[in-house]
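Below: the structure, in structure tokens.
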Amino acid sequence: MSLSDMRRQYSMGKLSETSLTDNPIAMFKTWLQDAIEANIPDPTAMTVATVDEQGQPSQRIVLLKDVSDKGFLFYTNLGSRKAKELAGNHRISLHFPWFFMERQVRVCGIAEKLSAAENAKYFFSRPKDSQLAAFASRQSQPIATRELLMTQFHQLKAKFANKELPVPDFWGGYRVVPHQIEFWQGGEDRLHDRFEFNLDTDGNWSSQRLMP
Ligand SMILES: Cc1cc2nc3c(=O)[nH]c(=O)nc-3n(C[C@H](O)[C@H](O)[C@H](O)COP(=O)(O)O)c2cc1C
């Protein structure tokens, strides 16, 4: 079968004006809970898009670790490509690809670094081997072999066998403070439902229906 012949109908649900909440974060939480309860793999996985100095976008998947009215939280290496791009341009976009549910959510916002206390709280909630892996990896830097990475990991494991690791100063989290959130629900014959929320300067959200 050629790729151009691959298609399916989207008929799981409809999204109407009456099903919207005033606050898109509340609606996001409901959709996230739906994804968790649907047992899809990695329901908290989101694509994170950043832009470099030349305006070149790049994307990668990270895990959402918290969401509230203040924003969306994720953790990463602060020397990584994404972190370097955010240092030059803090505009960011998140995308939740819940296609199993015929849904997607797009978030546009500004990325802020979390405090040392917030980083430490999450770092120490992780399994120790995940802490060690974060310590052992200079994410996004070249390394000659996997063996070298494993050697670094095992050396750190031995060094910190009986003591707590410090939070690496090259590791931490970001809060994405949103100003635009779009909810997309697939519809039959490609007549999808889309609602875009925008935050005004007074801090109020308004929504509008977009054509599919
Ligand atoms: C399911 C999944 C979850 C991931 N979660 C994270 C994460 O929470 N934090 C992270 O830094 N990288 C995570 N990664 C790895 C990133 O996709 C990416 O490879 C890494 O952050 C380096 O990205 P960069 O070089 O563009 O900065 C995850 C990858 C996958 C596929």
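Averaged per residue, the range 10-68 has 59 square angstrom of accessible surface, using a 1.4 angstrom probe with ligands and nucleic acids left out.
Result for the chain in a Gaussian network model with C-alpha springs under 10 Å: among L86, L165, L73, the largest mean-square fluctuation is at L165. Normalised per residue, the accessible area of the range 146-212 is 61 Å², obtained with a 1.4 Å probe and no contribution from ligands, DNA or RNA.
For the chain, with all protein chains in place and a probe radius of 1.4 Å, 53% of the accessible heavy-atom surface sits on carbon or sulfur.
Using a cutoff of 8 angstrom between alpha carbon atoms and counting only pairs six or more residues apart, the relative contact order for the chain works out to 24 percent. Here the calculated FRET efficiency for Q208 and F100, from their Cβ-Cβ distance with R0 = 30 Å, stands at 0.65, rounded to the nearest 0.05.
For the chain, a Gaussian network of Cα nodes joined below 10 Å ranks K82, K14, K159 by mean-square fluctuation, and the top entry is K159.
The values are calculated or read from the model by the stated rules, or taken from the named source; none is laboratory data. Treat the numbers as computed from the prediction; the structure is a model and nothing was measured. Using ideal geometry, Cβ is built from the backbone for each residue, glycine included, and neighbour counts are taken over all protein chains shown. With ligands, DNA and RNA removed, areas are computed over all heavy atoms of the protein, side chains included. Shrake-Rupley method; radii C 1.70, N 1.55, O 1.52, S 1.80 Å.
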